[in-house]
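Asks: Dropping the structure in here first, questions after.
Readers should treat all values here as calculations from the given coordinates under stated rules, not as data from a laboratory. Just so it is clear, the model here is predicted, and its values are computed rather than measured. Note that each Cβ is placed from the backbone with ideal geometry, even for glycine, and that neighbours are counted across all protein chains shown.
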Amino acid sequence: LIAIGIAMAVCAAVGFVIERLAYRPLRRAPRINILITAVGVSMLIQFSGQFLFGSDPKLFPQVYQAHEELALGGLRVSGLQLIVFGISLFLMVVLQWVVFRTRMGRAMRAVSYSHELASLMGIPTSSVISFTFMTGSALAGAAGVLVGVIYPKIEPLMGVMPG
């Protein structure tokens, strides 16, 4: 849980910096510019990871060894998979609560519907977009830790195929 918290905080900060430096200057630009920037930022993150940590796979430290298994017919689920599922479910519930029960969530939905109308209604669209990037990045950090717990061999390019 500590690793998830640290990963979420670091990734939220990285998401904030990426939004400020890469995406904020392109708010009024055509969508193709934003798409090209997204590909470029993705490649920058991937290759920075290779530069910093090397391209060879690393072992993720196993902090919890789950030896018990739950068998339901032909389905076998380990205790570790249940823990990851529970944490994921908790994070999804928190995200749903933020999006549908808070003022920031209402602002996020308004900005996603129409940036210009939300701005006319007095919503600070830049802050909302930054918060959205930070939230998505924090959840990506949590997902990275949870994937590393289940599949302990990690590498800088492991997110290319799902991405």
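Asks: Of ILE36, LEU52, LEU72, whose Cα points farthest to the positive end of the dipole of the range 3-116 (charges on the beta-carbon: +1 Lys, Arg; -1 Asp, Glu; origin at the Cα centre)?
Replies: Result: ILE36.
Asks: Kindly write out, for the range 73-83 in residue order, the coupling ³J(HN,Hα) from the Karplus curve 6.51 cos²θ - 1.76 cosθ + 1.60 (θ = phi - 60°), rounded to whole Hz, with x marking Gly and Pro.
Replies: For the range 73-83, the Karplus-derived couplings read x, x, 8, 10, 10, 7, x, 5, 5, 5, 5 Hz, x marking Gly and Pro.
Asks: Next question. Provide, for q = 0.18 Å⁻¹, the log10 of I(q)/I(0) from a solvent-free Debye sum over equal Cα point scatterers in the chain.
Replies: -1.23
Asks: Taking the Cα atoms of the range 87-163 alone, what are Rg (to one decimal) and Dmax (as a whole number) in Å?
Replies: Rg and Dmax of the range 87-163, Cα atoms, are 15.7, 49 Å.
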